[in-house]
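Enquirer: Mind looking over this structure? Questions follow.
Just so it is clear, none of the values below were taken in a lab; they were calculated from the coordinates. The structure presented is a predicted model; accordingly, all values stated were derived computationally and were not measured. Cβ: placed from backbone, ideal geometry, glycine included. Neighbour counts: every protein chain shown.
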Amino acid sequence: METFDAITGRRAVKRFDPDHRLSAAEVDQLLSLTLLSPTAFNVQNWRFVVVRDPELRRQIRAAAWNQPQVTEASLFVVFCADLQAWNRQPERYWPDVPAETRRAVLAALDGYYRDKPQVQRDEAMRSCALAAQTLMLAAQSLGYDSCPMTGFDFGRVGELIRLPADHVLAMAVAIGRGVEPAPPRAGRLDLAEVAVTDRF
């Protein structure tokens with residue numbers, strides 16, 4: 001599928017065929033493509049919790065106001081991020097660059113994140129959003145539907161997946177074979193209203 005077709009064809013589908021299973025190769029391909037998503041300083045701070053356990057899915061569904069896509073989807077991924085990824089052996093993010101370049105980047109990384117919890121959280125959310133979009137477009141390219149989700153009790157889902165204290169939960173994505181089409185697009189604002197040249 002062409003990139004433009006994947007972008008225009010992707011919609012938030014809420015109902016999936018609960019009997020459909022993605023192959024292990026398809027799941028691996030989707031997650032491997034998601035790993036190519038960009039992150040600031042290449043820290044790769046996202047963490048993908050692939051929820052397979054049916055009982056855990058049921059519990060998450062209960063925390064998501066009983067939305068059916070949680071249990072019906074073939075693949076359900078909770079996107080989280082490690083807020084301290086920038087400080088966990090950061091030299092490993094640039095193994096193939098010259099040592100001088102690595103030292104410079106490490107210094108810049110430390111200055112950007114250290115003692116700045118809001119920056120750490122902001123970058124975590126940006127990273128997860130980029131990764132989630134990559135996953136959804138990759139799924140669309142393979143002929144699967146998806147649904148991004150923030151409609152759930154974040155605290156409860158964090159408990160259910162045993163989210164570490166220094167991680168943050170950003171969103172979830174359900175993927176599978178849709179059994180009913182998305183509703184018609186509600187409408188988009190005119191480009192002239194949202195695109196600003198140079199400054200407001």
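Enquirer: Based on the Cα atoms of the range 1-82, what semi-axes does the equivalent ellipsoid have, where each is the square root of 5 times one gyration tensor eigenvalue, given in whole Å with the largest first?
Expert: Computed over the range 1-82, the values are 23, 18, 13 Å.
Enquirer: Evaluate the charge dipole of the chain about its Cα centre and quote only its size in Debye, nearest 20, assuming +1 on the Cβ of each Lys and Arg and -1 on the Cβ of each Asp and Glu. Spell out each step's value before the answer.
Expert: Working: 24 positive and 25 negative charges, 68 e Å.
About 320 debye.
Enquirer: For Ile175, Ile161, Ile7, Ile60, what's the fewest-to-most ordering of other Cβ within 10 Å of each Cβ? Present the calculation step by step, with values, prior to reporting the outcome.
Expert: Numbers: Ile175 27, Ile161 19, Ile7 13, Ile60 24.
Ascending Cβ contact count within 10 Å gives the list Ile7, Ile161, Ile60, Ile175.
Enquirer: Let me check against my output: what whole-number percent is the relative contact order of the chain, with C-alpha pairs under 8 Å and at least 6 apart? List each step's numbers first, then the result.
Expert: On the way: 301 pairs, mean separation 71.3, N = 200.
It rounds to 36 percent for the chain.
Enquirer: Which residue fluctuates the most in the chain, going by a Gaussian network model with Cα springs under 10 Å, if the choices are Trp46, Trp65, Trp86?
Expert: Trp65
Enquirer: In what order do Val179, Val51, Val70, Val27 fall by count of nearby beta-carbon atoms within 10 Å, going from fewest to most? Please list the in-between numbers first.
Expert: On the way: Val179 14, Val51 21, Val70 26, Val27 17.
So the residues, fewest neighbours to most, are Val179, Val27, Val51, Val70.
Enquirer: Please identify, among Val157, Val13, Val105, the residue showing maximal mean-square fluctuation in a Gaussian network model of the chain using a 10 angstrom Cα cutoff.
Expert: Evaluated over the chain, the most mobile residue of the options is Val105.
Enquirer: Turning to a different aspect of this structure: How are the Cα pair distances of the chain distributed, in percent, across 5 Å bins from 0?
Expert: Computed distribution, short to long bins: 1, 7, 14, 16, 17, 15, 12, 10, 5, 2, 0.
Enquirer: To continue, here is another question. Treating the angle as unsigned and between 0 and 90°, give the value, to the nearest 10°, between the Cα long axis of helix 117-141 and the longest Cα principal axis of the chain.
Expert: Tilt of helix 117-141: around 40 degrees.
Enquirer: Follow-up question, since we're still on this one. Who wins for biggest fluctuation among Val173, Val97, Val50 in a Gaussian network model of the chain, springs between alpha carbons below 10 Å?
Expert: Val97
Enquirer: Which ordering of His167, His20 is given by a fewest-first count of other beta-carbon atoms within 10 Å? Could the numbers behind the result be given before it?
Expert: Values: His167 20, His20 14.
In increasing order of surrounding Cβ atoms, one gets His20, His167.
Enquirer: Please state the shape class of the range 90-152: rounded when a/c is under 1.5, otherwise prolate if a/b exceeds b/c and oblate if not, all from the C-alpha gyration tensor.
Expert: Taking the square roots of the gyration eigenvalues as a ≥ b ≥ c, the range 90-152 is oblate.
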